[in-house]
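Chemist: Pasting a structure below so you can have a look.
The values are calculated or read from the model by the stated rules, or taken from the named source; none is laboratory data. None of the values given here were measured: they were computed from a predicted structure. As a convention, Cβ positions derive from the backbone with ideal geometry for all residues, glycine included, and neighbour counts pool all protein chains shown. These accessible areas exclude ligands, DNA and RNA; they are computed on the full protein's heavy atoms, side chains included. Shrake-Rupley method; radii C 1.70, N 1.55, O 1.52, S 1.80 Å.
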Amino acid sequence: MESSIRKGKGQVLNMDGKKLEATGKAPESLKPRHSHPLWLASFIDVYQGLGTDNLSKLLQVYTPDVHFQDPLHTISGRKQLIEYFQALYTNLNTCQFVIDDVMHNDQEAAIYWRMSFIHPRLNGGNPVEVEGHSRLRAQGDKVVYHRDYLDVGAMLYEHIPVLGRFVKIVKVRAGQ
């Protein structure tokens, strides 16, 4: 299952920066599976079309008191979450998620994904690819808990000049 992040009004871009569609609706190939609980299908649908011009859609899938955590931040509340996403998405040229697997029960889910993005100041403006997964917990029809697990070195630190060299050396030595 693939998804892309919108950049600008009405555009969905893939990794090459090519427009996928401009209708505001995800193509059929990007639609969530029908076997997911409604809250999870809504979550996947929103993330598949999420971009800088429609971050308010996050209000549809998160409770007001959502707890969000990734390796760099811990956030409480939808307002802070939207502000966080605004800062992240504004600086990206493109971003694409490929969802490899989803496991769920009625009120919890684990989503395994691959993310490819281009940030003009990371990796010389070339694509960065990262694997990760998200743990979600629902309350009613919205997500109340969202935690992302990913390798921040692979996503960020390895692609910063000078620092990246040291991070790679540490990873190699740790593997010996």
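Chemist: Name the single residue that is farthest from residue 82 (Cα to Cα) among those in segment 137-149 being open to solvent by less than 40 Å² (accessible area, probe 1.4 Å) and not hydroxyl-bearing (Ser, Thr, Tyr).
Modeler: Of segment 137-149, the ones open to solvent by less than 40 Å² (accessible area, probe 1.4 Å) are 138, 143-146, 148.
Checking which are not hydroxyl-bearing (Ser, Thr, Tyr) leaves us with 138, 143-144, 146, 148.
Working: 138: 18, 143: 14, 144: 14, 146: 13, 148: 16 Å.
Of everything passing the filter in segment 137-149, 138 is farthest from residue 82 (Cα to Cα).
Table: residues versus (1) of a type in the set (A, V, I, L, M, F, W, C); (2) in contact with a Phe, Trp or Tyr (Cβ under 6 Å, 6 or more places away or on another chain).
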site	(1), (2)
55	yes, yes
64	no, no
68	yes, no
76	no, no
80	no, no
87	yes, no
94	no, no
101	no, yes
105	no, no
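Chemist: When only residues in segment 127-140 that are of a type in the set (D, E, K, R) and modelled with pLDDT under 95 count, which is nearest to residue 91 (Cα to Cα)?
Modeler: Of segment 127-140, the ones of a type in the set (D, E, K, R) are 129, 131, 135, 137.
Those still in the list that are modelled with pLDDT under 95 too: 129, 131.
Numbers: 129: 16, 131: 20 Å.
In this case the residue turns out to be 129.
Chemist: Still on this structure, please answer the following. Identify, please: which residue in segment 85-99 is outside any strand (DSSP E or B) and open to solvent by less than 30 Å² (accessible area, probe 1.4 Å) and is, among those, farthest from residue 122 (Cα to Cα)? Let's see the steps before the verdict.
Modeler: Step one: of segment 85-99, the residues outside any strand (DSSP E or B) are 85-93.
From the residues that got through so far, the ones that are open to solvent by less than 30 Å² (accessible area, probe 1.4 Å) too are 85, 89, 92.
On the way: 85: 18, 89: 14, 92: 10 Å.
Out of the qualifying residues, it is 85.
Chemist: Anything in segment 67-102 that is of a type outside the set (Asp, Glu) and free of Cβ contacts under 8 Å to residues at least 24 places away in the same chain? List them, or say none. It would help to see each step written out before you state the result.
Modeler: Step one: filter segment 67-102 for residues of a type outside the set (Asp, Glu), giving 67-69, 71-82, 84-99, 102.
If the condition is that a residue be of a type outside the set (Asp, Glu) and free of Cβ contacts under 8 Å to residues at least 24 places away in the same chain, then 73, 74, 75, 76, 77, 78, 79, 80, 81, 84, 87, 88 are the ones that fit.
Per-residue answers, yes or no, for (1) open to solvent by 80 Å² or more (accessible area, probe 1.4 Å); (2) modelled with pLDDT of 75 or more; (3) within 13 Å of the chain's Cα centre (by Cα):
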| residue | (1), (2), (3) |
| --- | --- |
| 4 | no, no, yes |
| 25 | yes, no, no |
| 38 | yes, yes, no |
| 52 | no, no, yes |
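Chemist: Let me ask something additional. Identify, please: which residue in segment 67-84 is assigned to a strand (DSSP E or B) and in contact with a Leu (Cβ under 6 Å, 6 or more places away or on another chain) and is, among those, surrounded by the most Cβ atoms within 10 Å (Cβ to Cβ)?
Modeler: Looking only at segment 67-84, we keep the residues that are assigned to a strand (DSSP E or B), and these are 67-69, 74-76.
If we keep only those that are in contact with a Leu (Cβ under 6 Å, 6 or more places away or on another chain) as well, we get 68, 75.
Numbers: 68: 22, 75: 18.
Ranking the candidates gives 68 first.
Chemist: Conditions first: (1) within 25 Å of residue 128 (Cα to Cα); (2) open to solvent by 80 Å² or more (accessible area, probe 1.4 Å). Residue 60 passes all but one, so which condition is the exception?
Modeler: Residue 60 satisfies all of (1) within 25 Å of residue 128 (Cα to Cα); (2) open to solvent by 80 Å² or more (accessible area, probe 1.4 Å) except (1).
Chemist: Output the number of residues of segment 101-115 satisfying the condition of being open to solvent by 30 Å² or more (accessible area, probe 1.4 Å) and more than 13 Å from the chain's Cα centre (by Cα). Give the derivation first.
Modeler: Looking only at segment 101-115, we keep the residues that are open to solvent by 30 Å² or more (accessible area, probe 1.4 Å), and these are 101, 103-108, 112, 114.
Then drop every residue that is not more than 13 Å from the chain's Cα centre (by Cα), which leaves 101, 103-108.
Number of matching residues: 7.
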